[in-house]
1. Using a Gaussian network model of the chain whose springs link C-alpha atoms within less than 10 Å, name the residue from VAL72, VAL62, VAL15 with the highest mean-square fluctuation.
2. For THR9 and ALA26, calculate 0.36 nm times their separation in residues minus their Cα-Cα distance, and state this gained length in nm to one decimal.
3. Just need the relative contact order of the chain here, percent rounded to a whole number, with Cα pairs under 8 Å and 6+ apart.
4. What are the ³J(HN,Hα) couplings of region 13-20, residue after residue, when phi is run through the Karplus curve with 6.51, -1.76, 1.60 and θ = phi - 60°? Round to Hz, x for glycine and proline.
5. Taking only Cα atoms and a 10 Å spring cutoff, compute GNM fluctuations for the chain and point out the largest among ALA57, ALA26, ALA43.
6. Each residue of region 56-69 in turn: what ³J(HN,Hα) in whole Hz from Karplus with 6.51, -1.76, 1.60 and θ = phi - 60°, glycine and Pro shown as x?
Amino acid sequence: MSKHYPGETGTEIRVNCGVDISAATATYIYCKKPTGTVVTWTATVYNSNYLRYYTQADDFDVAGTYRVQAGVTIGTWTGRGETATFEVTPLYL
C-alpha cells in the first residue's frame, strides 16, 4: 500500500543506515509521533544496512507526520542516524 492509516498493523518500517550495521549489539528505531510522543521500537538488522520493524497495535494511533531515527550500538559506539519522515493519512480521505 502506498498510504498508511491509523490502526494499521504489520506495516514494515525499514530505515537505511547507509553503512554495514551487521555487528550491532543493540538496534532501535526511535519514533516521534505527530502528538510529540516519542516511542522506541526494537528493530532487527536487515540486509546489513537496514533496521526493520513491523508495526503493532497503537503504533499508528493518530494521523499526521511521523519522524523516525535509527539507533544503533556497535562496539563502544552508540548513536543515531538521520531523521526520516512518513505520513499516516486520516481515515476516510
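Every number here is computed from the coordinates shown, using simple stated rules; none is lab data. Nothing here was measured: the structure is a model prediction, and the numbers come from that model.
1. VAL62
2. Result for the pair: 3.8 nm of gain on full extension.
3. 36
4. Once rounded to whole Hz, the list reads 9, 10, 10, 7, 7, x, 9, 5.
5. Taking springs between Cα atoms under 10 Å, the residue moving most is ALA57.
6. Result, ordered by residue: 10, 3, 6, 5, 9, 8, 9, 7, x, 8, 9, 10, 10, 9 Hz.
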